[in-house]
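The values are calculated or read from the model by the stated rules, or taken from the named source; none is laboratory data. None of these values were measured; they are calculated from a predicted model. Ideal geometry is used to build each Cβ from the backbone, glycine not excepted, and the neighbour counts take in all protein chains shown. The accessibility values were calculated without ligands, DNA or RNA, using every heavy atom of the protein model including side chains. Shrake-Rupley method; radii C 1.70, N 1.55, O 1.52, S 1.80 Å.
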Amino acid sequence: MNITGIKGMNDILPGEVATWHFLEQQAQRIFQCYGFGEIRVPVVEKTELFCRSIGETTDIVEKEMYTFDDRSGNSLTLRPEGTAPVMRAFIEHKLYNQDSVAKLYYQGPMFRYERPQKGRYRQFHQIGAEVIGVDDPKIDAQVLAMLSHYFEAVGIHDVALHINSLGCRECRPAYREALIDYLQERLGELCSDCRRRSQTNPLRVLDCKVPACQEATALAPSMLEHLCPACETHFSQVKNYLQELNLPFVVNARMVRGLDYYSKTTFEMVTNSLGSQNAVAAGGRYDGLIGDLGGPALPGIGFAMGVERLVLMKKTESLPTRRLPLFLAVMGQAASDRAFLLMASLLKQGLPVEMEYAGKSLKAQMRRAAKFGARHVLILGEEELFRQVAVLRDMDQGSQQELSLAGIDTRLLQICREEPNGPTAD
Ligand code: ATP
Ligand code: MG
């Protein structure tokens, strides 16, 4: 039996990788412009890190983590998200000594044992960013501006920014109690998951996709009505800055996040084009997290984008494909050997070139060149070799010219680089 890959864990094939590169490069370009530096952390951490940060009663910790004992009996977990590992590294390496503000971004695979479907996988990829050390609402607005800037730059327009405030340690407990009381009276209308959550993680009930639960909570008390004065001011300032930056947003009081560490501002970039997997990016403030993990009491805010979901959205408008500038069609062993050396020289000078190795007919070679979208084909056979020339065919114009083999690589570089869409010297 053939060995297959693991359900929910995808191969990213060469044909798709251009979109990944594009999405990654735009993130690098834009995030660096906003002052973020990349951090790379391991894909495995001590299990305790995630239990303590994400929260014991969250879906992730209760049922989605890939947890195992290593050979020494330590409990390890494949990271389900990036914020906790980045905060662990931030504390461990005392990055707070370098500057009063740390701006970090990361990218890489995350692992959650979920039911695989379109836009939901067991290994998926996130690109995320975190700002540590500032509680000014300007930073919330700037992070959201950077996120919007990114979506604009990658050409994904079918998204809306939803924002909410989840309050803080001062005001959330009272709201939580009010919500528990409300849910208590409607237990019979809730799904079994929500009946359990109504005690352990009541905010999560607001987020349930089951229609009966949504109906039962339609008139539930809202966190926004229970914000303490500090959270209230923070949230209204964030909204003001967003307005001043001309960034459209929707206040969505029912948006709770699936991780316990969030406080104050939370947000999602949502789309209608991915079915129920409607969040393409999500994040928020986590002002207590770094202290909880044993670090200094510093505020933080960040987000993560799901790259597979970005790729799915980008699929509809595919990227322009790069044409191959030159294909070498050869006939006979001697011509093949000569072309091989020419190809090596051109590649070393930065010109993408392909050639034929299998000794196919000229017709078959021309078909292969067409498959690469080759702009030019250089034809070299025994007879040409004897005369020390080669024939260069311009595939767009249909014209041909004979080039002398002496100095042909310089001449080819000149011709291929003259093309408006041809490769550049670097
Ligand atoms: P969802 O509500 O879709 O389960 P989430 O709230 O669990 O998302 P976060 O933990 O906030 O998601 O992760 C941020 C982003 O990572 C999501 O907005 C989404 O784009 C992506 N993401 C999360 N889980 C998956 C998954 N299993 N497969 C693919 N992408 C995912
Ligand atoms: Mg989830």
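Summed over the residues of segment 326-418 and divided among them, the accessible surface reaches 53 Å² per residue at a probe radius of 1.4 Å. For the options D135, D99, D287, a Gaussian network treatment of the chain with springs between C-alpha atoms closer than 10 Å singles out D99 as fluctuating the most. The accessible surface of the chain, taken with every protein chain in place and a 1.4 Å probe, is 51 percent carbon and sulfur. A simple rule links phi to the HN-Hα coupling: the Karplus curve 6.51 cos²θ - 1.76 cosθ + 1.60 with θ = phi - 60°, which for segment 59-73 gives 4, 4, 6, 5, 9, 10, 8, 8, 10, 8, 8, 7, 5, 9, x Hz, with x for Gly and Pro.
Per residue, the accessible area of segment 136-243 comes to 46 Å² when a 1.4 Å probe rolls over the protein heavy atoms. Entry comment: accessible area of segment 83-129 is 44 Å² per residue, from protein heavy atoms only and a probe of 1.4 Å.
The aspartates and glutamates whose alpha-carbon is closer than 16 Å to the alpha-carbon of K348, local same-chain residues fewer than 8 away aside, are D409, D426. Annotation: for a label point projected 7 angstrom from Cα along Cα→Cβ of A334, residues of segment 371-407 with backbone N closer than 13 Å are 381-389.
Using θ = phi - 60° in the Karplus curve 6.51 cos²θ - 1.76 cosθ + 1.60, the 3J(HN,Hα) couplings for segment 117-128 round to 7, 4, x, 9, 10, 8, 10, 9, 10, 10, 10, x Hz; x is entered for Gly and Pro.
With the cut-off at under 14 Å, measuring from each backbone N in segment 112-136 to a point 7 Å along the Cα-to-Cβ line of A153 picks out 127-129. Between Q243, Q25, Q388, the Gaussian network model of the chain with springs among Cα atoms under 10 angstrom shows the greatest mean-square fluctuation at Q388. For D287, the residues whose amide H sits under 5 Å from its own are S263, G300, ignoring neighbours fewer than 5 places away on the same chain, with H placed 1.01 Å from N.
Tell me, what is the Rg over Rh of segment 1-114, with Rh the Kirkwood radius over Cα pairs? Dividing the radius of gyration by the Kirkwood radius yields 1.02. Taking only alpha carbon atoms, segment 322-426 gives an Rg to Rh ratio of 0.92, where Rh is the Kirkwood radius. Just report the Cα centroid separation between segment 154-230 and segment 49-88, whole Å. That distance is 24 Å.
Karplus-based coupling profile of segment 258-272, in residue order and whole Hz: x, 10, 5, 6, 6, 8, 6, 4, 10, 7, 9, 9, 10, 9, 9, with θ = phi - 60° in 6.51 cos²θ - 1.76 cosθ + 1.60 and x standing for Gly or Pro.
Calculated on the Cα set of the chain, radius of gyration then Dmax: 28.2, 94 Å. If you take the beta carbon distance between I180 and K209 as r and set R0 to 25 Å, what does 1/(1 + (r/R0)^6) give as a FRET efficiency, to the nearest 0.05? E between I180 and K209, to the nearest 0.05, is 0.75. Which value in nm describes the separation of the simple spin-label points at Q28 and E92, placed 7 Å from the Cα toward the beta carbon? That separation, rounded to one decimal, is 2.4 nm. The length gained by stretching the chain between E48 and S273 to full extension, at 0.36 nm per residue less their Cα-Cα distance, is 77.4 nm.
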